[in-house]
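Just so it is clear, none of the values below were taken in a lab; they were calculated from the coordinates. Only a predicted model underlies this, so the values are computations on that prediction, with no experimental measurement involved. Counting neighbours? That spans all protein chains shown, and the Cβs are built from the backbone with ideal geometry, glycine included.
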Amino acid sequence: MNKRDTPPGRPPPGISTAQYLRNRKLQRVVIRGQDKSRWTDFYHAVLTAPWWMFLLGLAAAFFGINVIFALIYLTDPGGIEHARPGSFWDRFLFSAQTIGSINYSVMVPKSAFVNTMVVFEAFVGFVYLAMIASLMFARLSRPSARVMFSRVAVVAPFDGVPTLMFRAANQRGNQILDAAITVTLAYQALTQEGIPMRRFQELKLLRARTSLFTLSWTVMHRIDSTSPLHSCSLEEFRDRQMELIVLLRGTDDTLADTVYVRHAYTPEEILWNHRFADVLSVNAHGRRVVDLTRFHDTSPIV
């Protein structure tokens, strides 16, 4: 394998899993022997493209279709009534009126060739409009969650046991039903043959599921004798390139569809002997208050 090639499912060399998850551009891995003619990949790319790129692509396709038909109409100089001879702009406008099902005002088809092409372009316009409508609906109906994770994770005593903790908050006004979260420890290890391998081990959480995820959720893993993090120091975290990969999934109560959120923490984003600031309180009217301005705040344990 070429040194610059990346095995499928693994970050490129020098790129951490956290960076790989956060930067979509880094996920473009070189894959040899893949069938690039699969339309499912094109459909997936259209659905996941940014809105500005999606709308720009629609405009470019519309412009390109009209340019092609304008060039075709130019092959019949007298086929369009009241069109200036040899005028590409007149043919372009005539094509735009045809594909958009706009009633002709001045320019009208005259020859049999142009009338035939008008019928064909009208069909292309119907197909293009149907594709736009379906793609817009597919993009707008895709469920998405607005979940914020704390910038850092902390390790602090909880009930007398060192505990790894980080926060998650639902930033949308609705609820995520039957939310479940998994935390996987990724670390570098050597096999008995001395081959470096990336290992993954799921961490046991104090509460891995909640029926209603509405406000804030502090995810905790007890670092006891059964934990893979037992007796692990910050230096070992860095030497073994340990990272925490977080996946949260649940059901959006508005769309009744499953949503997924992912995050990751590098060794530099794990603070030892720190606590999170309290974000929950009750105001004078007895209502619960979640202060997200302190969501990322931590303080050292004295």
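Take 258, 191 and order them by how many other Cβ atoms sit within 10 Å, fewest up front. Walk me through the intermediate numbers first.
Numbers: 258 14, 191 9.
The order, fewest Cβ neighbours first, is 191, 258.
Note down the relative contact order for segment 185-270 as a percent, whole number, built from C-alpha pairs under 8 angstrom at least six residues apart. Intermediate values should be presented prior to the final figure.
On the way: 99 pairs, mean separation 21.7, N = 86.
Worked out over segment 185-270, it gives 25 percent.
In the chain, what % of DSSP beta bridges are antiparallel (nearest 5)?
Details: 53 of 56 bridges.
Around 95 percent antiparallel, to the nearest 5.
Relative contact order, percent, of segment 36-101 when contacts are C-alpha pairs under 8 Å separated by at least 6 residues? Intermediate results must be reported in sequence, preceding the final value.
Values: 28 pairs, mean separation 17.6, N = 66.
In percent, rounded to a whole number, it is 27.
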Q) Across all directions of projection, what mean area in square nanometres is found for the Cα convex hull of the chain? A) 25.5 nm²
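Want the number for residue 82 to residue 269: 0.36 nm per residue separation, take away the alpha-carbon distance, what's left? Write out the running numbers ahead of the final one.
Working: separation 187, 0.36 × 187 = 67.32 nm, distance 6.99 nm.
Full-extension gain reported as 60.3 nm.
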Q: Could you work out the relative contact order of the chain, using alpha carbon pairs under 8 angstrom and six or more residues apart, expressed as a whole percent?
A: 15 percent
Q.
Give me the extension gain from residue 289 to residue 68: residue separation times 0.36 nm, minus the current Cα-Cα distance, reported in nm with one decimal.
A. 73.6 nm
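Among 57-68, 131-142, how do they line up from the highest to the lowest mean number of other beta-carbon atoms within 10 Å? Don't skip to the answer; put the middle values down first.
Details: 57-68: 13.8, 131-142: 11.6.
Per-residue Cβ counts within 10 Å, averaged per peptide and sorted highest first, yield 57-68, 131-142.
May I ask you to list, by number, the DSSP H helices of the chain whose Cα span along the axis is at least 30 Å and whose average Kyte-Doolittle hydropathy reaches 0.0 or more? Each step should come with its number before you reach the end.
Working: long enough: 51-74 (34 Å, 2.07); 112-140 (42 Å, 1.76).
Helix filter hits for the chain: 51-74, 112-140.
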Q | Cα centroid of segment 55-115 to Cα centroid of segment 238-297, whole Å | A | 56 Å
Q. Over the Cα atoms of segment 147-300, Rg to Rh with Kirkwood Rh, two decimal places?
A. 1.01
Q) Could you give the length gained on full extension between residue 140 and residue 225, defined as 0.36 nm per residue of separation minus the Cα-Cα distance, in nm? A) 25.8 nm
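Please give the FRET efficiency for residue 301 paired with residue 281, using the beta carbon to beta carbon distance and R0 = 22 Å, rounded to the nearest 0.05.
0.55
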